[in-house]
Amino acid sequence: MERILFGDNQFFGINHLSEEKARNQAMRFQNIDNIVDVLQEALKAGVGGFMCTTHDTIEKIADRVRADAGAWEGFTFYPGMPYAHKYANAVTELGYFDALRKFLPKDGLVDTMLRGGMALLNRDIEGMMTLLVDAEMKMFEGLSTPVIFLQNVVTDLIQGLGIIDAFRIFADHCQTRYGARAGFITMNLPRLLPLLHQAGIENPIVCANVNKIAFRMAGGIESYREATARYPARVIAMSVLASGGIRPREAIEWVVNEPYVESILFGASSRSNIVDTVNLIREFDGQKQRAA
């Protein structure tokens with residue numbers, strides 16, 4: 001897993017600090033060429049890992065990558081699922097049957113539909129979980145996806161319901177069908193790690209908010225440190241700038257020195273911000289290595 005990962009929030013008008021900035025970004029990135037340009041800048045800066053939702057626009061990006069593989073050498077998708085809005089929109093636009101045809105993998109369509117039907121009839125968690133993953137992964141066919149993430153809306157719902165077998169089912173299916181590790185995005189890392197341990201998932205890949213002011217860090221900084229000391233995990237730090245609440249240099253120096261952080265996820269919409277962030281991470285990584 002790459003040390004530096006690039007996110008997609010900025011492409012879909014998501015900014016937790018400024019609604020105006022979010023609107024401006026949403027308008028700019030309605031043009032897919034503008035997204036492609038930013039991703040190319042990230043790749044040139046040395047950020048090959050793209051952690052993304054399964055938004056319809058990402059499917060178009062995947063098509064671009066497949067069509068010109070040479071221009072995207074070293075670029076890797078880290079998909080996160082599910083993206084619920086696209087299912088609702090597809091049913092409205094296409095109807096139930098054509099929506100199924102759109103999302104389900106071409107191979108084994110009948111088998112996949114039967115798994116889904118039996119899941120609904122029997123409330124079979126395994127059937128529903130694998131159906132969900134296969135539907136979402138259709139757009140990444142033929143592309144590198146070394147880690148597949150469960151979005152926090154589902155991860156944290158499973159936590160709340162206590163259905164920890166679902167974590168193991170997800171992890172096993174990712175490995176068996178796609179040769180990928182399972183990743184889990186969460187808003188409550190201290191509570192999730194012991195549940196993943198109970199599910200038999202050791203040293204899991206977990207993405208969570210990690211920043212110097214504990215912005216949206218459930219339980220606070222010390223809870224994160226205690227949880228990762230007891231249940232080791234490969235943590236991806238997101239929201240490291242606390243949505244603009246911390247100056248970049250201060251924020252990155254702090255997060256680089258958190259011992260449990262393996263990767264850093266950030267989003268940016270300009271070449272200068274991408275390059276500056278990458279350089280800061282490399283600078284403080286270098287300082288840390290020299291001090292070791």
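The values are calculated or read from the model by the stated rules, or taken from the named source; none is laboratory data. As the structure is a computational prediction, the values presented were derived from the model and not from experiment. Reconstructed Cβ throughout: ideal geometry from the backbone, glycine too, with neighbour counts over all protein chains shown. For accessibility, only protein heavy atoms count, side chains too; no ligands or nucleic acids. Shrake-Rupley method; radii C 1.70, N 1.55, O 1.52, S 1.80 Å.
Worth pointing out:
- Cα-projected label distance for Glu222 with Arg271, points at 7 Å along beta-carbon direction, nm: 4.7 nm
- Between amide H atoms placed 1.01 Å from N, distances below 5 Å from Thr54 occur with Gly80, Tyr83, all of them 5 or more places distant or on a separate chain.
- With every protein chain in place, region 157-292: carbon and sulfur % of accessible area (1.4 Å): 50 percent
- Across all Cα atoms of region 216-274, the radius of gyration (one decimal) and Dmax (whole number) stand at 12.4, 39 Å.
- Kirkwood hydrodynamic radius computed over region 36-83 comes to 11.0 Å, based on all pairs of distinct alpha carbons.
- A simple rule links phi to the HN-Hα coupling: the Karplus curve 6.51 cos²θ - 1.76 cosθ + 1.60 with θ = phi - 60°, which for region 261-269 gives 7, 9, 9, 10, 9, 9, x, 7, 10 Hz, with x for Gly and Pro.
- Spherically averaged projected area of the convex hull of Cα atoms, region 147-292: 9.4 nm².
- Phi to ³J(HN,Hα) by Karplus 6.51 cos²θ - 1.76 cosθ + 1.60 over region 55-67, Hz, x for Gly, Pro: 4, 4, 5, 5, 4, 5, 4, 4, 4, 4, 5, 4, 6
- For region 190-229, the solvent-accessible area works out to 42 Å² per residue, with a probe of 1.4 Å and every protein chain left in place.
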